[in-house]
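Everything on this sheet refers to the single structure shown next.
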Amino acid sequence: MARKSASAKLPAVAGLSFVASRDGKTLPKPIGDQCGRCFWNVTATGDHTQDCDTGVRLALEYLAFEEADVEGGGHLQLIVKDMPRAFTGVEVGFLQMVSFAAGAGAKKARRISAHWDSCEKTEAEG
């Protein structure tokens, strides 16, 4: 029996609850070099505590997605790019939880970086 790749089982990034299409219906169509997808379609309530809780919930959703996406290149840079410059509690809660996860995974990140470095060295020598 042929094995399915890990990525074949993954939901698309569009499946995250805070990602929306800039299709002219949900959101205005992209302008200039804007991506056709908005990676941070979130509306704050104005209640800082509630918004921080929402941000934490969205971060855990995102982290579960990235954890399952073992071959992906990550989406955090796209999410942060679409966040408003004046953060609400939602962005604060989201980024705080992602920071905790980054701290917990720093050792693994260093191993990945070392692997990439060794691959580059092997290519340069080969």
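Using only side-chain charges placed at the Cβ, +1 for Lys and Arg and -1 for Asp and Glu, the dipole size of the chain relative to its Cα centre rounds to 260 debye.
Note on the stretch 10-125: Cα-Cα pairs beyond 17 Å make up 62% of the total pair count. A simple spin-label model places the labels of Gln77 and Asp23 2.8 nm from each other, with each point 7 Å out along Cα-to-Cβ. Average 1/r across all pairs of distinct alpha carbons in the stretch 56-98, invert it, and you get the Kirkwood radius: 10.9 Å. For the stretch 10-125, averaging the sequence separation of C-alpha pairs within contact (under 8 Å, six or more residues apart) and dividing by the residue count gives a relative contact order of 26 percent. Each residue in Arg22, Arg110, Arg85 was given a count of other beta-carbon atoms within 10 angstrom of its own, and listing them fewest first yields Arg85, Arg110, Arg22.
Of the residues His115, Ala44, Ser17, the one whose Cα sits farthest toward the positive end of the charge dipole of the stretch 10-125, with +1 on the Cβ of Lys and Arg and -1 on the Cβ of Asp and Glu, is Ala44.
A short reminder: the numbers here are calculations on the coordinates, not readings from a lab. Because the structure is a prediction, the values reported are computed rather than measured. Note that we place each Cβ from the backbone using ideal geometry, even for glycine, and neighbour counts take in every protein chain shown.
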